[in-house]
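The values are calculated or read from the model by the stated rules, or taken from the named source; none is laboratory data. Model, not experiment: these values are computed from the prediction. Glycine gets a Cβ as well: all are built from the backbone with ideal geometry, and neighbour counts include every protein chain shown.
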Amino acid sequence: MHDMNNARKDFLIISLLLISCLASAQLPDRVMATQSFLDTIRVNYADENSFSFGLSSPELIVNVPVRVSIIMNREGTAGVEQQDIKNSINLSNSYFKNAGIQFFIDTIQYINDYNYSFIAYNNLKKELLKKYAVSNMINLFLADSIKLGDDYTYGFTYFPDVADSNFIYLNKSYARGNYLTTMLGHYMGLLSTHETAGGRELASENNCSSSGDYICDTYADPDLFNEVIDSCRYIGTMRDNNGRYYVPSVANIMSNSPDACKCILTPRQYRRIYYYYHRYRQ
């Protein structure tokens, strides 16, 4: 009996540790390329890559307003600090200045209906937007959870080819760090570096202009979710369709690398942001 009790205690401790690990684990970025946006990239590819753009001195600095909507939780509290949101905007600006874009908070409002704080299906999102979204600025909705199909994600937005899609959803727990920057990257036309909807990029990157993220100065990425350890070292063993091992970058903002490891966008990623902002988002 004594051994059985000890076994139960050990099982309980292990279960609690697993729950703790799962609760603290970083959710992935699940913004997937749509066929319509892949078609848009292909149609615009030559024009995008001949578009006049200088990384050191963009032609124009544009200021883009953001309306922040914080959805109150079940307890009637915000569950997020305004300063964290401001810090995330400032961090995004440190990157987007290289594309001639700066964001600023126009207003912060609180939505007193916790039902909207669990973003899970289209009808609820449509209702939320109809009531609280405004035109001519980015609408940033901070919720307690975001679910796409059967899977949870830390954020969601649409690509520039979708009309009237000036909104971003972000999990409140991810209102710090680079998560908002990643969503803004998608909003301005960047695919994830691990994208495969248009074809899987080879480790050699020979097909970089027609697969992956359709950008040739980012590393081929097999998806770094749960494949990078705390020291920012890639531990994965994924191979491409030719059997060659991937050697990805753990630092790109548009990857599923841990947030603490992410710190760069590449010149051609900045070019795409600049191009799609002026062609679609402006």
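What to note about this one:
- Leading residue by the ranking (farthest from the chain's Cα centre (by Cα)) among those in region 101-142 that are small (Gly, Ala, Ser) and within 30 Å of Arg279 (Cα to Cα): Ser135
- Unique residue being within 24 Å of Phe103 (Cβ to Cβ) and among the aromatic types (Phe, Trp, Tyr) when the list is Tyr152, Tyr219, Tyr214, Tyr174: Tyr174
- Apart from one condition, Ser165 fits all of (1) within 21 Å of Tyr277 (Cα to Cα); (2) at pLDDT 95 or above; the exception is (2).
- Flag for Arg244 being farther than 25 Å from Ile105 by Cβ and crowded, with 18+ Cβ neighbours inside 10 Å: no
- Within region 197-226, if we keep just the residues that are free of Cβ contacts under 8 Å to residues at least 24 places away in the same chain, on the phi < 0 side of the Ramachandran plot and of a type outside the set (Gly, Ala, Ser), the residue that is surrounded by the most Cβ atoms within 10 Å (Cβ to Cβ) turns out to be Cys208.
- Top-ranked residue of region 93-103 - restricted to ones that are in contact (Cβ under 8 Å) with a residue 24 or more places away in the chain and in contact with a strand residue (DSSP E or B) (Cβ under 6 Å, 6 or more places away or on another chain), ranked as surrounded by the fewest Cβ atoms within 10 Å (Cβ to Cβ): Gln102
- Of all the listed residues (Asp213, Asp230, Asp223), the sole one being modelled with pLDDT under 95, in a loop (DSSP other than H, G, I, E, B), within 22 Å of the chain's Cα centre (by Cα) and not polar (S, T, N, Q) is Asp230.
Residues are listed down the side, and each one gets a yes or a no for (1) of a type in the set (A, V, I, L, M); (2) outside any strand (DSSP E or B); (3) touching a Lys or Arg at 6+ places or on another chain (Cβ under 9 Å):
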residue	(1), (2), (3)
Gln83	no, yes, no
Lys86	no, yes, no
Gln102	no, no, no
Thr107	no, no, yes
Tyr116	no, yes, yes
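- Number of the exception - Val247 against (1) in contact (Cβ under 8 Å) with a residue 24 or more places away in the chain; (2) in contact with a Cys (Cβ under 8 Å, 6 or more places away or on another chain); (3) aliphatic (A, V, I, L, M): (2)
- Which numbered condition Asn136 fails, given (1) part of a loop (DSSP other than H, G, I, E, B); (2) surrounded by 15 or more Cβ atoms within 10 Å (Cβ to Cβ); (3) touching a residue at least 40 places away in the same chain (Cβ under 8 Å); (4) of a type outside the set (Asp, Glu): (2)
- Among the residues of region 11-25, at least one is outside any helix (DSSP H, G or I) and either modelled with pLDDT of 95 or more or under 27 Å from Ile264 (Cα atoms) (or both).
- Neighbours by Cβ (under 6 Å, 6+ apart or cross-chain): first from region 57-76, over 11 Å from Leu140 (Cβ atoms) and in a loop (DSSP other than H, G, I, E, B); second among the acidic types (Asp, Glu) and modelled with pLDDT of 95 or more: Asn73/Asp144
- Elements of type strands (runs of 3 or more DSSP E) contained in region 146-200, each with 2 or more residues being within 25 Å of Tyr214 (Cα to Cα): 155-157, 167-171
- Count - residues of region 139-163 that are surrounded by fewer than 17 Cβ atoms within 10 Å (Cβ to Cβ) and either closer than 29 Å to Ala25 by Cβ or in contact with a helix residue (DSSP H, G or I) (Cβ under 9 Å, 6 or more places away or on another chain) (or both): 8
- Among the candidates Asn98, Asn49, Asn122, Asn87, residue that is over 24 Å from Asp217 (Cβ atoms) and modelled with pLDDT under 95: Asn122
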